[in-house]
Amino acid sequence: MPYYLRFVDAFPTVQDLAKAPEEQVLKLWQGLGYYSRARNLHATAKIVANNFDGQFPNTYKELKSLKGVGDYTASAIASFCFDAPEPVVDGNVYRVLSRYFGVDIPINSTKGIKYFKELAREVMDSGNIRDYNQGIMEFGAVQCAPKKPYCLLCPLQESCIAVKDGKVSELPLKLNKTKVKNRYFNYVIPIDPENNTILEQRTGKGIWQNLYQFPLVESDKNLKTEELKLLIQGNGQLPEYESLSLYNNETIVHKLSHQHLHTKFWILKTSYILEEGTSWKKIGDFPVPVLIADFIKTFKI
DNA sequence: AAGCCGGGGAG
DNA sequence: CTCCCAGGCTT
């Protein structure tokens, strides 16, 4: 709610969002993760403002053509906002349908995605699509929960196949475990005599696209001070240092679903004035990943 | 079809 | 600690 309220306060209309700089959008999104959603939302606002005269399209097909709007979101908007008879299939719906009908097709397989969408369409209440769609999702979230669902007091327990077969805890079936990759991050925080530092924007692919961070030295293992010193020798992006010291004695392990980031923060004191740098007072203006935000919070310059 | 993308909460 | 969670895009 705090994120939502700040967001709509900053961008009351689609035009406001469309004309905002991406940095402001990302700053308001900071901490939520999945930053591509913020970028897609921003891109879609521009399309709606510029190509649709500020009017959201009202059909599933047109909605789905918007960036970041896939099958679920297009169905949700079309049904909630325009009363279109489109069934929503989110994680909750997968759970309710797979259990109630006893379907063990993996929900993340091509076959499963198609099967559950068709099943959802068959059982939906077209004449009351808003309440139906929101109801089945809420039912999945509150009653037919992932763990410890309330089967004993469930109004559907007598006709639920999973209850009958004792397979509630096994459904829905999902394939593919994510394997975790270990990465070793060394953030080097330059501090000059005027308390300037250096922030860089992450570009290209991968995590935290377009967010900011301190100069990063990635390695294939944890580094000792001398090893880092060797690596940053002749590194054009870092100034020569008076001192280089490790800030966190314990390596910080920042865990994403698919990556464990073993992180060390190094304080690099320099006597150069970082003309192109960022004043420490202003670093709060930049959108940064939680890992960086947590460091900034604890570090006293 | 498989992989990638973040962070938080529950137990 | 470990386990679990979602929807869309890219490769």
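The values are calculated or read from the model by the stated rules, or taken from the named source; none is laboratory data. Remember, predicted model here, so these are calculated numbers, not experimental data. Methodologically, a virtual Cβ is constructed for each residue, glycine included, from the backbone with ideal geometry; neighbour enumeration extends over all protein chains shown. Just the protein is used for accessible areas: all its heavy atoms, side chains included, with ligands, DNA and RNA removed. Shrake-Rupley method; radii C 1.70, N 1.55, O 1.52, S 1.80 Å.
Taking the alpha-carbon distance from A:Lys64 and a cut-off under 13 Å, which aspartates and glutamates remain once sequence neighbours fewer than 8 residues away in the same chain are dropped?
Correct list for A:Lys64: A:Glu86.
A:Ile191's amide H: which non-local residues (gap 5+, or another chain) put their own amide H closer than 5 Å, with H modeled 1.01 Å from N in plane and none for Pro or chain starts?
Long-range HN contacts for A:Ile191: A:Leu268, A:Lys269, A:Thr270.
Where the only charges are on Cβ atoms (+1 Lys, Arg; -1 Asp, Glu), what is the dipole of segment A:215-301 about its Cα centre, to the nearest 20 debye?
It works out to roughly 320 debye.
I need the peptides A:120-127, A:139-146, A:87-94 ranked by packing, meaning the mean over residues of other C-beta atoms within 10 angstrom, with the highest value on top.
In descending order of packing, they fall as A:87-94, A:139-146, A:120-127.
What spacing in nm lies between the two simple spin-label points modelled at A:Glu122 and A:Lys61, each 7 Å away from Cα in the Cβ direction?
Using points 7 Å along Cα→Cβ, the separation is 2.6 nm.
If the only charges are +1 at each Lys and Arg Cβ and -1 at each Asp and Glu Cβ, what is the size of the charge dipole of segment A:257-299 around the Cα centre, to the nearest 20 debye?
Here the size comes out at about 180 debye.
With the crude spin-label approximation of a point 7 Å out along Cα→Cβ, what separation in nm comes out for A:Glu218 versus A:Lys181?
Taking the two extended label points, one gets 0.7 nm.
State the extension gain, in nm to one decimal, for the chain segment bounded by A:Leu246 and A:Lys19, taking 0.36 nm per residue of separation less the distance between their alpha-carbons.
Using 0.36 nm per residue and subtracting the Cα-Cα distance, I get 77.6 nm.
Classify segment A:181-298 from the C-alpha gyration tensor, please: rounded if a/c falls under 1.5, else prolate or oblate depending on whether a/b exceeds b/c.
Here segment A:181-298 falls in the oblate category.
Given a 1.4 Å probe and the protein chains all in place, what does the accessible area of A:Glu22 round to, in Å² to the nearest 10?
Estimated to the nearest 10 Å², A:Glu22 gives 60 Å².
Where the only charges are on Cβ atoms (+1 Lys, Arg; -1 Asp, Glu), what is the dipole of segment A:87-176 about its Cα centre, to the nearest 20 debye?
300
Between A:Glu227 and A:Asp9, take the C-beta separation as r, use R0 = 41 Å, and let me know the FRET efficiency to the nearest 0.05.
0.30
Of the listed pairs A:Lys205/A:Lys269; A:Lys27/A:Lys297; A:Lys147/A:Lys167; A:Lys111/A:Lys205, which have alpha-carbon separations greater than 19 Å here?
Those over the limit are A:Lys205/A:Lys269; A:Lys111/A:Lys205.
In straight Cα distance, which lysines are under 16 Å from A:Lys224, not counting same-chain residues fewer than 8 positions off?
Qualifying lysines at Cα under 16 Å: A:Lys264.
Let me have the 222 nm mean residue ellipticity of chain A computed from DSSP H runs of 4+ only, each contributing -39500 (n - 2.57), with the sum over all residues rounded to the nearest 500.
It comes out at -11500 deg cm²/dmol, rounded to the nearest 500.
In segment A:87-176, if the dipole is taken from +1 on Lys/Arg beta carbons and -1 on Asp/Glu beta carbons about the Cα centre, which of A:Pro149, A:Leu171, A:Cys160 is farthest to the positive end?
Sorting the options by dipole projection puts first A:Leu171.
Solvent-accessible area per residue for chain A at a 1.4 Å probe radius, Å²?
For chain A, the solvent-accessible area averages 58 Å² per residue.
Go from 0 up to the bin containing the longest alpha carbon distance in chain A, width 20 Å each, and give me the % of pairs per bin.
Histogram of Cα-Cα distances, whole percents per bin: 25, 45, 27, 3.
For chain A, which whole-number percentage of the solvent-accessible area (1.4 Å probe, protein heavy atoms only) is attributable to carbon and sulfur atoms?
Exposed carbon and sulfur together represent 52 percent of the surface.
Defining a contact as two alpha carbons under 8 Å apart and six or more residues distant in sequence, what relative contact order in percent does chain A show?
Averaging sequence separation for qualifying contacts and normalising by length gives 16 percent for chain A.
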